[in-house]
Each structure stands twice: as C-alpha cells, then as structure tokens.
C-alpha cells in the first residue's frame, strides 16, 4: 500500500455527508471504520455478509471492477438493493475511485448465525 491519499464521500442514513481521505489500497469499509462512519462490516471483509452494503451515487459505478460472484451472492441479501449497490469491503481507494460518493442505507440485514 502506498502513502498516496484518495478521498471518498459517505452519505450517512440521516443525509449528512462526510468526506474523508485514506491511503491507496484501503477498502471503503476500513476507511469508514477509521473515520467513525457507521458502516457495519460484521464479517470483517470476508465476503460472508452484506452489512457493508453501499450505494454508489456518482458516475464511478461504471469505473469500478465488476463484482465477483461471491460479492453478487452477498448483495442478494442486502437491504435496499439498487442497480449500483456494492459491498464497501470490495471497493478499494485508488486513482480510479478518487472522489467516489457512496450512500449508506438506513438499515442492514445481518444473516449470520451467531
């Protein structure tokens, strides 16, 4: 991971926007955790839940790499699924995603058997 910084804006469930920066290679899930943004991530980025579901809000969706099958499978369980839904653990800060805007849905659906 390099020391180059990139930004991301999170739209919180109450409509508040929070723009933060993180190092290249950081996932949006861990960027959120590092900045006290309420993005759950119950499976700790192991692609076993949909609690880090975000909705990509600007033209970045088409620039993102396609979701792998495991991500698509978990998105099927996400609350408020949209055509631009992704898992925050799979979205990585880099030159292509610099300035990305994502909305955090108002609810999550945790299907784990704890």
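The values are calculated or read from the model by the stated rules, or taken from the named source; none is laboratory data. Since we're looking at a predicted model, the values are computed, not measured. Ideal geometry is used to build each Cβ from the backbone, glycine not excepted, and the neighbour counts take in all protein chains shown.
Residues checked against (1) surrounded by fewer than 14 Cβ atoms within 10 Å (Cβ to Cβ); (2) modelled with pLDDT of 95 or more; (3) touching a helix residue (DSSP H, G or I) at 6+ places or on another chain (Cβ under 9 Å):
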{"site": "10", "(1), (2), (3)": "no, yes, yes"}
{"site": "20", "(1), (2), (3)": "no, yes, yes"}
{"site": "24", "(1), (2), (3)": "no, yes, no"}
{"site": "27", "(1), (2), (3)": "no, yes, yes"}
{"site": "33", "(1), (2), (3)": "no, yes, no"}
{"site": "42", "(1), (2), (3)": "no, no, no"}
{"site": "53", "(1), (2), (3)": "no, yes, yes"}
{"site": "58", "(1), (2), (3)": "yes, no, no"}
{"site": "63", "(1), (2), (3)": "yes, no, no"}
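Filter segment 83-109 down to the residues that are surrounded by 15 or more Cβ atoms within 10 Å (Cβ to Cβ) and in a loop (DSSP other than H, G, I, E, B) and list them by number.
84, 91, 93, 97, 98, 104, 105, 108
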